[in-house]
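Read through the structure below, which is laid out as structure tokens, and then see the notes.
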Amino acid sequence: MEFSSKLLENAVYEMSQLPGIGKRTALRLVLHLLRQPETQTEHLTQALGTLRKDINFCKKCHSISDTEICDICSNPNRIQDVICVVEDIRDVMAIESTGQYRGLYHVLGGKISPLDGIGPQDLTIGSLVDKVKTGAVKELIFALSATMEGDTTNFYIYRQLEGMSVKTSTIARGIGVNDELEYADEVTLGRSIVNRIPFENALKNS
């Protein structure tokens with residue numbers, strides 16, 4: 001791809017570093033920004049800069065938050081002894097949109113994936129196990145995507161909890177195998193949360 005401007009080329013290169021954005025899509029986005037009022041680009045730049053500078057990760061659940069403790073963790077009306085284990089904030093948003101879940105969350109920050117160089121030590125599994133050790137958690141709901149990496153992560157956490165007094169369950173497989181949680185429709189995801197099954201049963205069926 002030949003560029004008439006080095007400034008344009010640099011902008012397209014940086015835009016193409018985003019997930020799912022190829023060079024052609026990046027070029028369309030950059031040209032779109034150039035056609036907009038300068039203030040729109042300034043607002044975008046300012047929003048991204050502020051995001052990087054001021055964003056917090058909740059000290060309890062590790063979700064992205066404006067404050068040290070997120071709104072969900074600080075809500076006294078949430079069920080405090082049930083924790084839904086998810087990969088990232090996109091899954092929190094997807095589950096919250098169903099209106100079917102009133103417990104808390106724990107955001108792992110990814111899934112175990114040796115091919116990508118992601119091991120248990122790269123996730124927030126340790127702090128999750130520490131929560132369970134306090135005895136304040138009655139149930140953990142595994143709500144990772146129905147992929148090999150998701151199942152591997154579920155099983156690893158399950159093994160770390162052996163001997164501890166906590167119920168483990170997993171969302172019902174209304175979510176198709178190899179489906180990412182964030183793409184499931186709200187009705188299917190809501191039913192999967194409500195109709196969750198003991199994790200041991202999921203192991204027998206896998």
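One chain, two ends: residue 167 and residue 45. Fully extended at 0.36 nm per residue, the span grows by 39.4 nm beyond their Cα-Cα distance. Looking at the square roots a ≥ b ≥ c of the eigenvalues of the Cα gyration tensor of the range 6-54, which shape do they give, rounded for a/c under 1.5, prolate if a/b is larger than b/c, or oblate? It comes out oblate by the Cα gyration axes.
Fully extending the segment from residue 127 to residue 75, taken as 0.36 nm per residue of separation minus the present Cα-Cα distance, adds 16.7 nm. Rounded to the nearest Å, what's the spacing between the alpha carbon centres of the range 5-81 and the range 114-137? Just the number, please. Each part reduced to its Cα centre gives a spacing of 26 Å.
With both labels modelled 7 Å from their Cα along Cα-to-Cβ, the residue 3 to residue 64 distance reads 2.6 nm.
Readers should treat all values here as calculations from the given coordinates under stated rules, not as data from a laboratory. These figures come from a predicted structure and were not determined experimentally. Virtual Cβ from ideal backbone geometry, glycine too; neighbours counted across all protein chains shown.
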